[in-house]
Amino acid sequence: MSSASLKPQLVIMDDIGGFHNRDIEKSVQRLEQAQSYQDLSTICVIPALRTMPSKVTQSWMSMMTPMNQKFIRLFIYDMEVGDAYNAGINFILNHTDLSKWKYVLTLETDNMPPPDGVLKLYEDMKDFDVVGGLYWTKGEGGQPMIYGDPHAIPLNFIPQKPQINTVQPCIGLGMGFDLFKLAIFKDKRLTQPFFKTLQEFNPQNGGARAYTQDLYFFEKIHALGYKVACDTRVRVGHFDPERDMVW
């Protein structure tokens with residue numbers, strides 16, 4: 001820009017307080033919603049494969065974490081997924097420092113969260129104990145991984161129809177991108193193993209039962225009164241390496 005195109009300005013200092021002080025109640029509400037002034041220390045637990053698809057890695061590199069807050073990633077290799085989560089959580093609970101952190105974020109190697117995904121999940125934690133992003137099972141007939149109406153009787157894990165851009169209460173979630181309060185795992189009423197992939201037939205205990213490790217856990221904490229939800233603003237891709245497609 002040439003100096004000839006610049007126009008002189010009459011500067012009157014009538015807004016010394018600044019933009020955020022102009023409506024300080026609105027600014028405070030923004031901070032409370034983001035919870036950025038609270039302890040957001042988070043351990044990201046990843047039941048990992050030895051190699052990851054480049055597209056998934058790229059999405060992870062774009063993921064924002066809260067400024068000036070503690071955030072680390074804990075990879076667990078070469079274990080069945082339920083065993084990997086148990087190993088990760090028990091490592092945290094028995095660690096001198098990590099056991100004092102606030103949150104656990106689960107992230108799986110075929111899930112692609114949006115850059116601001118975890119920041120949005122923090123906003124929901126004042127009302128819920130576990131909140132996850134919205135993703136779908138793979139394939140043309142994919143189902144939303146929002147399981148069970150918490151008000152339904154009897155208990156069931158029927159997939160719910162997503163409600164657009166809201167925090168939707170449920171009983172269970174897939175674990176591809178979930179934020180947990182670490183305090184849940186310190187509850188003495190919660191028995192180990194926390195997570196278990198189960199397929200059994202027991203005539204004395206309801207007959208046939210089949211659970212993935214996630215719904216096994218969520219059924220247990222639902223019985224203890226913990227609140228779970230899916231934040232449908234957080235759209236998480238589910239990568240299929242065989243088709244090179246994101247569902």
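Just so it is clear, none of the values below were taken in a lab; they were calculated from the coordinates. Keep in mind that what you see is a predicted model, and the values were worked out from it rather than measured. Positions of Cβ are backbone-derived with ideal geometry, glycine not excepted, and every protein chain shown enters the neighbour counts.
Any chance you could give the angle, 0 to 90 degrees and rounded to 10, that helix 24-34 forms with the longest Cα principal axis of the chain?
That works out to roughly 30 degrees.
Helix 81-93 against the longest principal axis of the chain: what's the angle in degrees, Cα atoms only, rounded to the nearest 10?
That works out to roughly 60 degrees.
Quick one: putting +1 on the C-beta of Lys and Arg, -1 on the C-beta of Asp and Glu, what dipole do you get for the chain around its Cα centre, in Debye to the nearest 20?
With Lys and Arg at +1 and Asp and Glu at -1, about 280 debye.
Starting from the Kirkwood radius over alpha-carbon pairs of the range 79-210, derive D by Stokes-Einstein at 4 °C in a medium of 1.567 mPa s and give it in µm² s⁻¹.
Calculated translational D: 78 µm²/s.
Scan (i) 68, 41, 36; (ii) 56, 53, 27; (iii) 87, 42, 40 for the value of Cα extents along the principal axes in Å calculated from this model and give just the label.
Computed from the coordinates, Cα extents along the principal axes in Å corresponds to (iii).
So which lysines can Lys181 reach, going by Cα to Cα under 27 Å and dropping same-chain residues fewer than 8 places off?
Hits, sequence-local ones excluded: Lys70, Lys100, Lys102, Lys120, Lys126, Lys161, Lys196, Lys220, Lys227.
Please give the Cα centre distance for the range 146-164 versus the range 26-99, rounded to the nearest Å.
27
Top mean-square fluctuation among Ser62, Ser54, Ser41, Gaussian network model of the chain, C-alpha springs under 10 Å?
Looking only at Ser62, Ser54, Ser41, the largest GNM fluctuation is found for Ser54.
Using Cα-Cα distances under 8 Å and only pairs 6 or more residues apart, what relative contact order does the chain have, in percent?
In percent, rounded to a whole number, it is 22.
Between the DSSP loop rule and a limit of at most 14 other Cβ atoms within 10 Å, which GluC sites (Glu not before Pro) in the range 19-112 are left?
Glu80
Amide H to amide H under 5 Å from Phe71: which residues, 5+ apart in sequence or cross-chain, H placed 1.01 Å off N in plane?
Thr42
Considering only Phe218, Phe75, Phe180, give the residue with the highest GNM mean-square fluctuation for the chain, with springs between Cα atoms whenever their separation is below 10 Å.
Highest fluctuation among the options: Phe75.
For the range 30-101, give the magnitude of the charge dipole about the Cα centre (Cβ charges: +1 Lys/Arg, -1 Asp/Glu; no others), in debye to the nearest 20.
Values: 6 positive and 6 negative charges, 56 e Å.
Using only the charged Cβ atoms, the result is roughly 260 debye.
So what's the angle, to the nearest 10 degrees on a 0 to 90 scale, between helix 213-223 and the longest Cα principal axis of the chain?
Approximately 90 degrees, to the nearest 10.
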